[in-house]
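What follows is a short report on a single structure.
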Amino acid sequence: MELLASIHCYFWSPSRTICLWMSLVLLLQYSKTVVSKSDYLIGLGSYDITGPAADVNMMGYANAEQIASGIHFRLRARSFIVAEPQGKRVVFVNLDACMASQLVTIKVIERLKARYGELYTEHNVAISGIHTHAGPGGYLQYVVYLITSLGFVRQSFDVLVDGIEKSIIQAHENLRPGSIFVNKDSGFSTGELLDASVNRSPSAYLNNPASERRKHKYDVDKEMTLLKFVDDQWGPVGSFNWFATHGTSMSRTNSLISGDNKGAAARFMEDWFEKNGIKSSDTNESGSDGLPRRVSNIIPNIHDDNNKLLELAASFRSSPGSPATQTMSVARRVRGAVKQAEKPGFVSAFCQTNCGDVSPNVLGAFCTDTGLPCDFNHSTCGGKNELCYGRGPGYPDEFESTRIIGERQFRKAVDLFEKASEQLKGEVDYRHTYIDFSQLEVTLTKVGGGSEVVKTCPAAMGFAFAAGTTDGPGAFDFKQGDDQ
């Protein structure tokens, strides 16, 4: 069975559109064995990529007035390396950014080649963004992405390249034998997360043929799939999951840098594991009954008369004794504490997937002037789209909405993480497909019967782009659903 981590990077130019579908592929065989000898080397890393926190336009809403003026919470690049001891390896990097950039990827690969030769190349390194709309912009290479940022922003670009490189270096240096487990079933229920996403264009979805809609349980994908990484010595060291919901809990008027709901979920899970993770037995100071071995527990009342205590002690026959255990050995505990300091930090990433029309604003879309629901078919208020906005579960507090949607993803991920028992087996491999979308042949059925073959043409930004969405309405009176 194949497990795919797909990155959809869309690049536009006046002459043509090329879409790169980059897939990280683990060729897998599922095993119900809970623990077995590891087949892989695994390494995880995490590094700060926050970038300039003032006077830089944010990437996502294409709103020229959305200028950074502070930090909600810092952004990170989280890297995962899976390698066969004598075979291929793959790198997957999850960014707290709107999306990856071809230019960023090119520069990261150049640095990795200078450091490691052909070990990490454009063939086995995949970089994906969580799609937050609250990160610094100006780091992509095409003009359409640089209009609202008023050009290329070197600081935004450099911090991404530096952070990705350092997170991969960290993961490489942490490579150790380990195992990977997958889960999308939490025992009592499936991996479905029902309250963290809605379709922001439900009327458009209803235009799909009934035969197509019958194939799906919901009008968006609500399933979460999680990978759990377990080090042979240290136990669980990280996880990442795929779940579809946009990084738009923070609105188009927000001016604080934020990883939005997925960045929040990652922080929640890393903090949860740091607090509740499995502790090494080397540092255990409890007895066999689980109670701390303290003097006050053994001698509840300390006497002042030392002579009487000495006489009492001398009256007892000494036992032959027994070898010191690992638990009771001071030297062992000291060594264990030193080793514990070498343990890699827990890394958890919440990756983006097929989030096209999937919104975290689960209360629905309402008109800001009347408080009434927006027009169902066109997402308008009084015929105009500028006043139609989606509401998150913490409305009117977008910070609270970010926390709630992040927490809901975090809790589902913990559920899947704790019950993950299907171990991944098989070879590590990777695939790329480069498609020129301006030169595709498409077979169309004619109304009166028969069919014809037509070709696609260079792309253009149409009405749907100009109309925006209920997460961030467009302007100039464009409306969703216009076709004239």
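The values are calculated or read from the model by the stated rules, or taken from the named source; none is laboratory data. Since this is a predicted model, take the numbers as computed values, not measurements. Because the Cβ atoms are built from the backbone with ideal geometry, glycine has one as well, and the counts that use them run over all protein chains shown. Calculation scope for accessible area: heavy atoms of the full protein, side chains included, ligands and nucleic acids excluded. Shrake-Rupley method; radii C 1.70, N 1.55, O 1.52, S 1.80 Å.
Brief remarks on what is shown
- Counting only residues that are among the basic types (Lys, Arg) and surrounded by 16 or more Cβ atoms within 10 Å (Cβ to Cβ), segment 177-214 holds 2 of them.
- Complete set of residues in segment 440-484 that are polar (S, T, N, Q) and in contact (Cβ under 8 Å) with a residue 40 or more places away in the chain: 469, 470, 480
- Given (1) in a helix (DSSP H, G or I); (2) under 25 Å from residue 43 (Cα atoms), index of the condition residue 203 fails: (2)
- Test: residue 408 is within 19 Å of residue 244 (Cα to Cα), open to solvent by 40 Å² or more (accessible area, probe 1.4 Å) and either part of a helix (DSSP H, G or I) or touching a residue at least 12 places away in the same chain (Cβ under 8 Å) (or both): yes
- Selection within segment 91-134: residues that are open to solvent by less than 30 Å² (accessible area, probe 1.4 Å), part of a loop (DSSP other than H, G, I, E, B) and hydrophobic (A, V, I, L, M, F, W, C). The member of this set that is farthest from residue 247 (Cα to Cα) is 100.
- Here residue 148 meets each of (1) polar (S, T, N, Q); (2) open to solvent by 40 Å² or more (accessible area, probe 1.4 Å); (3) not in a helix (DSSP H, G or I) with one exception, condition (2).
- Whichever residue in segment 59-84 is of a type in the set (Gly, Ala, Ser) and part of a strand (DSSP E or B) and, among such residues, is surrounded by the fewest Cβ atoms within 10 Å (Cβ to Cβ): 69
- Total residues in segment 158-176, condition open to solvent by less than 10 Å² (accessible area, probe 1.4 Å) and of a type in the set (S, T, N, Q): 1
- Taking the criterion of being acidic (Asp, Glu) and over 17 Å from residue 253 (Cβ atoms), the only residue of segment 361-399 that qualifies is 375.
- Being modelled with pLDDT under 95 and among the aliphatic types (A, V, I, L, M) is a description that does not apply to residue 414.
- Top-ranked residue in segment 25-40 [being open to solvent by less than 40 Å² (accessible area, probe 1.4 Å) and either aliphatic (A, V, I, L, M) or not in a loop (DSSP other than H, G, I, E, B) (or both); ranked as modelled with the highest pLDDT]: 40
- Filtered residue count, segment 185-200, keeping only those that are outside any loop (DSSP other than H, G, I, E, B), within 16 Å of residue 241 (Cβ to Cβ) and modelled with pLDDT of 95 or more: 0
- Pairs where the first residue, in segment 102-115, is touching a residue at least 12 places away in the same chain (Cβ under 8 Å) and the second is assigned to a helix (DSSP H, G or I) and acidic (Asp, Glu), C-beta under 6 Å, 6+ apart: 108/165; 111/165
- Neighbours by Cβ (under 7 Å, 6+ apart or cross-chain): first from segment 47-58, closer than 14 Å to residue 159 by Cα; second surrounded by fewer than 20 Cβ atoms within 10 Å (Cβ to Cβ) and of a type in the set (D, E, K, R): 47/166; 48/74; 50/74
- Among the residues of segment 419-472, those that are assigned to a loop (DSSP other than H, G, I, E, B) and aliphatic (A, V, I, L, M) comprise 420, 440, 447, 459, 460, 461.
For every residue, the table says whether it meets (1) of a type outside the set (Gly, Ala, Ser); (2) touching a Cys at 6+ places or on another chain (Cβ under 7 Å); (3) part of a strand (DSSP E or B); (4) open to solvent by 10 Å² or more (accessible area, probe 1.4 Å).
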site: 216; (1), (2), (3), (4): yes, no, no, yes
site: 219; (1), (2), (3), (4): yes, no, no, yes
site: 230; (1), (2), (3), (4): yes, no, yes, yes
site: 238; (1), (2), (3), (4): no, no, yes, no
site: 244; (1), (2), (3), (4): no, yes, no, no
site: 250; (1), (2), (3), (4): yes, no, no, no
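- Hey, residue 87 buried (at least 24 other Cβ atoms within 10 Å of the Cβ) and within 30 Å of residue 228 (Cα to Cα) or not: no
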